[in-house]
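> Structure incoming, see below.
The values are calculated or read from the model by the stated rules, or taken from the named source; none is laboratory data. If you're wondering where the values come from, they're calculated on a predicted model, not measured in any experiment. Ideal geometry is used to build each Cβ from the backbone, glycine not excepted, and the neighbour counts take in all protein chains shown.
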Amino acid sequence: MPSAITFDGVTVAYPGGTVAVDAATLDITPGSFVALVGRSGSGKSTLLKTINRLVMPTAGRVLIDSRPVEAEPAHLLRRRIGYVFQGVGLFPHLTVAENIAIPLRLAGRSDPARVSELLDLVDLPREVGRRRPDALSGGQRQRVGVARALAAEAKLLLMDEPFGALDPMTRDTLGRAVRGLHDRLGLTTLMVTHDMAEALLLATRVLVMADGRIVADATPAVLIAGEGGAEAQALVDVPRRQSRALEGLGA
Ligand code: ADP
């Protein structure tokens, strides 16, 4: 089985002694949509950032398509990896179109048609391209973040709480839009979220982290069946209890 991402004994100990990731070993098959779920501080972001080298492991290795991530300069590696995080990090003085075009510029391409295509891809009207980021809603800004992440035809999409700051309706719509793009473009996607319901609804595989360790690694169906172990079960119980409580109110 080919592996898009390999974690081989990856450990990250921060200065000060926190072991944020403790000997993670697993393979991610091309085309999977993997959710990394766990309580705050469990090590999800740190593990994700070892892929695009924002964090270097203190032991172990990370490989993309069987090549160690440190085999090429970090900026070249990052060009092939889309990265979306909660605050998006759009440049406020640039237009939306200019923001989306940054990865293209870095790759020496000037391609206005590609920018229009990317706006279409994330369902934003083309006129939005002429606006500045502060003239957009939070949901629209996240869509711009996704468009920029995919601009240079990255096949690997990393998302760190991408919908964290959004209202529930926008979050739901955008989650499904990203899953649609993942399927259509044949991406391999890793998404960090603390929201188990979101993970179960969007992912093909869910990794549960606790204290730096991967304590469950299963499909949503297996987790919903209660076969993911104690930590996974505790996280699955939250949306389940909420849903029962809501049904009770309507009864
Ligand atoms: P999560 O994404 O699950 O909330 P993180 O990966 O952000 O978890 O953090 C895991 C642990 O590492 C936490 O205890 C956090 O305080 C610590 N940590 C994260 N980043 C740093 C850093 N740059 N320096 C020192 N400790 C850090």
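> Could you tell me how many of the residues in region 169-200 are within 14 Å of the ligand (Cβ to nearest atom), more than 9 Å from V34 (Cα to Cα) and surrounded by 19 or more Cβ atoms within 10 Å (Cβ to Cβ)?
3
> Still on this structure: Tell me which residues, restricted to region 190-224, are free of Cβ contacts under 8 Å to residues at least 40 places away in the same chain and within 14 Å of R171 (Cβ to Cβ).
Residue satisfying the conditions is L201 alone.
> Another question, if that's okay. Of L47, L90, L121, L63, which residue is within 16 Å of the ligand (Cβ to nearest atom) and under 18 Å from the mean Cα position of the chain (by Cα)?
L47
> Go through (1) out of contact with any Pro (no Cβ under 8 Å at 6 or more places or on another chain); (2) modelled with pLDDT of 90 or more and name the single condition T188 misses.
It fails just one condition, (1).
> Based on this model, can you work out whether L118 counts as surrounded by fewer than 13 Cβ atoms within 10 Å (Cβ to Cβ) and out of contact with any Cys (no Cβ under 7 Å at 6 or more places or on another chain)?
no
> Could you check region 201-248 and list, in sequence order, the residues that are surrounded by fewer than 21 Cβ atoms within 10 Å (Cβ to Cβ), at pLDDT below 95, hydrophobic (A, V, I, L, M, F, W, C) and farther than 19 Å from T189 by Cα?
I224, A225, A230, A234, V238, A245, L246
> Enumerate the pairs (first residue in region 13-25 and in contact (Cβ under 8 Å) with a residue 60 or more places away in the chain; second residue anywhere and near the ligand (Cβ under 9 Å from one of its atoms) and aromatic (F, W, Y)) with beta-carbon separation below 8 Å, excluding pairs fewer than 6 apart on the same chain, so at least 6 apart or on different chains.
Here the result reads A20/Y14, each pair linking region 13-25 to a residue that is near the ligand (Cβ under 9 Å from one of its atoms) and aromatic (F, W, Y).
> Restricting attention to region 135-167, which residues are in a helix (DSSP H, G or I) and within 18 Å of V115 (Cβ to Cβ)?
A135, Q140, R141, Q142, R143, V144, G145, V146, A147, R148, A149, L150
> Check region 179-186 and report whether any residue there is touching a residue at least 40 places away in the same chain (Cβ under 8 Å), within 23 Å of A4 (Cβ to Cβ) and more than 14 Å from the chain's Cα centre (by Cα).
Yes, region 179-186 has at least one match.
> Among the residues in region 127-147, are any closer than 24 Å to K49 by Cα, charged (D, E, K, R), surrounded by fewer than 18 Cβ atoms within 10 Å (Cβ to Cβ) and more than 14 Å from the chain's Cα centre (by Cα)?
No, region 127-147 contains no residue that is closer than 24 Å to K49 by Cα, charged (D, E, K, R), surrounded by fewer than 18 Cβ atoms within 10 Å (Cβ to Cβ) and more than 14 Å from the chain's Cα centre (by Cα).
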